[in-house]
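Report on the structure given below.
The values are calculated or read from the model by the stated rules, or taken from the named source; none is laboratory data. Remember, it's a predicted structure, so these values are computed and weren't measured experimentally. Cβ sites come from the backbone with ideal geometry, for glycine too, and all protein chains shown count toward neighbours. These accessible areas exclude ligands, DNA and RNA; they are computed on the full protein's heavy atoms, side chains included. Shrake-Rupley method; radii C 1.70, N 1.55, O 1.52, S 1.80 Å.
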Amino acid sequence: MFNNKLYFVFIVLILILINGCNNPITSNVIQEKEYYESDVQLKIYFCPKQDCNSAMINAVNNAQESVHCAFYDLELEELIKALSKKSREADVKVIIDKGNYEGEIKGEGVKAVASRQYMHNKFCVIDGNTIFTGSTNPTDNDAYRNNNNLIILNSKYLADNYESEFNELWKGILSSGDNVKYGKINTNIGLIENYFCPEDCTLENNGGLYRIIELIRNAEKSVKIASFSFTHEELADELLKADIKGVNVSVLMERKQRNVMGSQYQRVKDFGLNIRLDGNKYTMHHKFIIIDDKIVITGSPNFTLSGFNKNDENMLIVFNEELALGFVKEFDRLFEEGEAV
């Protein structure tokens, strides 16, 4: 009998040759200006193993002038109290997706986002020089039960980017708006790229999805992905191609998302990709990729068409081996607890 995987290898090799001749990812590329910042500081937290709630509260408590947050959901009582208290001495504004807004914080500085589409962000900008972002919704489940990541960055360029995005949301501009101001920032800790979906996350012109696929194609040793939802067929194709080229590809996916419409789980598993379902009895809520144990892609978008093309989201790509090592340890631990079904 003809082996299914060998047949797939043959088909994919043909597709690679075709794509090499005519692929939108290689066309209409715009070269972006890069900026430099010398005093960037970064901290990473993995919930629930580490106390993400306290990290967010401390960031808010340390604010001197302003706290501007865009949350898909908000229910952590201590964080709500910290935001309310801080509003007495600083400019505090919080936007919450209309589907989850229940008047959590009182005051005229609070607004529920009214949109036909998700406002799926989880970020705060503090004093115009600090941000926190990642996959963590400030809820009891995400802080204390679900697997998540929270990044806190001191960076004026990034804070300016996120402040501009927040101001668009505050004005009711959702799932659209201006492109990111400082897309690539060379820093003392490495290159940082910043994208806001959907406007910055296209498959062309150096958009966020373009960059993800480009980094996977350029991977030399390994690609590790942890994703709550994984329905993006083109990303799945790139992972299969990388696997055929000899790159060590590993994927961890939330168990409850295995059979949703468009799920790539069974497809890539049938072609021999090393993919597992998570072992957390609650939820594996991460959305990150690690390239060659050196580059980290993380943020709010799930690896779905809506995550990049429809929802209001934010994403970072950080070229830093120390950060990558932290994500590798988190991935390896969760992958070991998972299983292929």
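Could you tell me which of rounded, prolate or oblate describes segment 281-341, using a ≥ b ≥ c as the square roots of the eigenvalues of the alpha-carbon gyration tensor, with rounded for a/c under 1.5 and, failing that, prolate when a/b is larger than b/c and oblate otherwise?
oblate
Under a point spin-label approximation (7 Å from Cα along Cα-to-Cβ), what is the residue 34-residue 171 distance to one decimal in nm?
3.1
Mind scanning 43/256; 49/98; 156/181 and naming the pairs with a C-alpha gap bigger than 20 Å?
Listed pairs above 20 Å: 43/256; 49/98.
In whole percent, how big is the carbon plus sulfur part of the accessible area of the chain, probe 1.4 Å, protein atoms only?
The computed percentage sits at 47.
With only alpha-carbon pairs counted, each pair once and no self-pairs, how large is the Kirkwood hydrodynamic radius of segment 117-175 in angstroms?
Result for segment 117-175 stands at 12.3 Å.
Chymotrypsin sites (Phe, Trp or Tyr not before Pro), restricted to segment 209-300: which are DSSP loop and have at most 16 other Cβ atoms within 10 Å?
Sites meeting the loop and neighbour criteria: 282.
Evaluate the Debye formula for segment 222-317 with equal point scatterers sitting on the alpha carbons, no solvent, and hand back log10 of I(q)/I(0) at q = 0.14, 0.24 Å⁻¹, in q order, two decimals.
Reported log10 I(q)/I(0), two decimals: -0.47, -1.41.
What distance in nm separates the simple spin-label points at residue 340 and residue 222, each placed 7 Å from Cα in the Cβ direction?
My value for the distance between the label points is 1.7 nm.
What does the C-alpha gyration tensor say about the overall shape of segment 80-171? Classify as rounded when a/c is under 1.5, otherwise prolate if a/b is larger than b/c, or oblate.
rounded
Among the complete DSSP H segments of the chain, which ones combine at least 15 Å of alpha-carbon extent along their axis with a mean Kyte-Doolittle hydropathy of 1.0 or more? Before the final figure, lay out each step's value.
Values: long enough: 4-21 (26 Å, 2.06); 156-170 (20 Å, -1.13); 233-244 (17 Å, -0.16); 321-337 (24 Å, -0.24).
Within the chain the helices that satisfy the rule are 4-21.
Based on the alpha-carbon gyration tensor of the chain, what equivalent-ellipsoid semi-axes (square roots of 5 times the eigenvalues) come out, in whole Å, largest first? Spell out each step's value before the answer.
On the way: eigenvalues 231, 95, 67 Å².
Listed largest to smallest, the semi-axes of the chain are 34, 22, 18 Å.
With a cut-off of 8 Å between alpha carbons and a minimum separation of six or more residues, what is the relative contact order of segment 69-200 in percent?
Relative contact order here is 21 percent.
Whole number in Å², please: accessible area per residue of the chain, 1.4 Å probe, ligands, DNA and RNA not counted.
Accessible surface, normalised per residue, equals 45 Å².
Between residue 106 and residue 305, what is the FRET efficiency for a Förster distance of 51 Å, r being their Cβ-Cβ separation, to the nearest 0.05?
Once the sixth-power term is evaluated, E becomes 0.85.
Which value in nm describes the separation of the simple spin-label points at residue 156 and residue 245, placed 7 Å from the Cα toward the beta carbon?
Result: 3.9 nm between the two label points.
What number, rounded to the nearest 500 deg cm²/dmol, is the helix-based mean residue ellipticity at 222 nm of the chain, given -39500 (n - 2.57) per DSSP H run of at least four residues and division by all its residues?
-9500 deg cm²/dmol
To the nearest 0.05, what FRET efficiency results for residue 145 and residue 62 with a Förster distance of 22 Å applied to their C-beta separation?
On the way: r = 27 Å, r/R0 = 1.21.
The computed FRET efficiency comes out at 0.25.
Which value, in debye to the nearest 20, describes the size of the charge dipole of the chain about its Cα centre when Lys and Arg Cβ atoms bear +1, Asp and Glu Cβ atoms bear -1, and nothing else is charged?
On the way: 37 positive and 49 negative charges, 146 e Å.
For the chain, the charge dipole is close to 700 debye.
What does the C-alpha gyration tensor say about the overall shape of segment 51-204? Classify as rounded when a/c is under 1.5, otherwise prolate if a/b is larger than b/c, or oblate. Walk me through the intermediate numbers first.
Numbers: a/c = 1.42, a/b = 1.22, b/c = 1.16.
Note, shape of segment 51-204 comes out rounded.
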